[in-house]
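Written out below as structure tokens is the structure these notes cover.
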Amino acid sequence: MLMNRKIFALDLSVEATSAYILICTLAESGTPVTIESAGSFWNDSPEALTRALEELNRHRVIYDTLDSNQMRQYLLNPPDRWETPTESNCK
């Protein structure tokens, strides 16, 4: 299982934590994590998903890259690269 319980210690928003769990689920199934693939399971607005992904990116939980078709994909960083809200505010 890719999900790491350390996500709960970061004290992120409910939306960001939910997006993390969704990303883990998609990644475990072998589905590329894109805004479209995540959005098909997301229960809130597309804007809320975008904000959640930005929050995860800001805390280095995820990073994004472009695939060969120029589609943005979201990948998980290892937990030792994650930053707490306090750490990321200091930079």
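The values are calculated or read from the model by the stated rules, or taken from the named source; none is laboratory data. The structure presented is a predicted model; accordingly, all values stated were derived computationally and were not measured. In this analysis, Cβ positions are derived from the backbone assuming ideal geometry, glycine residues included, and neighbour counts consider all displayed protein chains. The accessibility values were calculated without ligands, DNA or RNA, using every heavy atom of the protein model including side chains. Shrake-Rupley method; radii C 1.70, N 1.55, O 1.52, S 1.80 Å.
Might you let me know whether segment 26-33 holds any residue that is in contact with a helix residue (DSSP H, G or I) (Cβ under 7 Å, 6 or more places away or on another chain), open to solvent by 40 Å² or more (accessible area, probe 1.4 Å) and outside any loop (DSSP other than H, G, I, E, B)? Break it down stepwise before answering.
If we filter segment 26-33 for residues that are in contact with a helix residue (DSSP H, G or I) (Cβ under 7 Å, 6 or more places away or on another chain), which is where we start, we get 26, 31, 33.
After this cut, where a residue has to be open to solvent by 40 Å² or more (accessible area, probe 1.4 Å) as well, the list is 31.
Checking which are outside any loop (DSSP other than H, G, I, E, B) leaves us with none.
For segment 26-33, residues in contact with a helix residue (DSSP H, G or I) (Cβ under 7 Å, 6 or more places away or on another chain), open to solvent by 40 Å² or more (accessible area, probe 1.4 Å) and outside any loop (DSSP other than H, G, I, E, B): absent.
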Under 6 Å by Cβ, and 6 or more places apart or on different chains, what pairs join a residue from segment 1-21 that is surrounded by 15 or more Cβ atoms within 10 Å (Cβ to Cβ) with one that is at pLDDT below 95 and part of a loop (DSSP other than H, G, I, E, B)? L10/T84
Listed residues S45, S68, S88, S40; which is loosely packed, with under 14 Cβ neighbours inside 10 Å and modelled with pLDDT under 95? S68
Return the pair list, or none, for Cβ contacts closer than 6 Å from residues in segment 58-84 that are at positive phi to residues that are open to solvent by less than 100 Å² (accessible area, probe 1.4 Å), at least 6 apart or on different chains. R60/N77; R60/W82; R60/E83
Looking at segment 74-81, can you tell me whether even one residue there is more than 12 Å from the chain's Cα centre (by Cα), open to solvent by less than 90 Å² (accessible area, probe 1.4 Å) and basic (K, R)? no
Qualifying residues in segment 25-71 (those that are among the acidic types (D, E) and touching a strand residue (DSSP E or B) at 6+ places or on another chain (Cβ under 7 Å)) - the one farthest from I7 (Cα to Cα): D67
So, first residue over 19 Å from R51 (Cα atoms) in segment 26-39, second residue at pLDDT below 95 and open to solvent by 20 Å² or more (accessible area, probe 1.4 Å), Cβ within less than 6 Å, six or more apart or across chains; the pairs are A27/L2; E28/L2
Is segment 48-66 home to any residue that is farther than 24 Å from P85 by Cα and either in contact with a Leu (Cβ under 6 Å, 6 or more places away or on another chain) or not in a loop (DSSP other than H, G, I, E, B) (or both)? yes
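Can you confirm whether L76 is in contact with a strand residue (DSSP E or B) (Cβ under 7 Å, 6 or more places away or on another chain) and at pLDDT 95 or above? Steps first, please.
Numbers: in contact with a strand residue (DSSP E or B) (Cβ under 7 Å, 6 or more places away or on another chain): yes; at pLDDT 95 or above: yes.
Taking the combined requirement at face value, the residue satisfies it.
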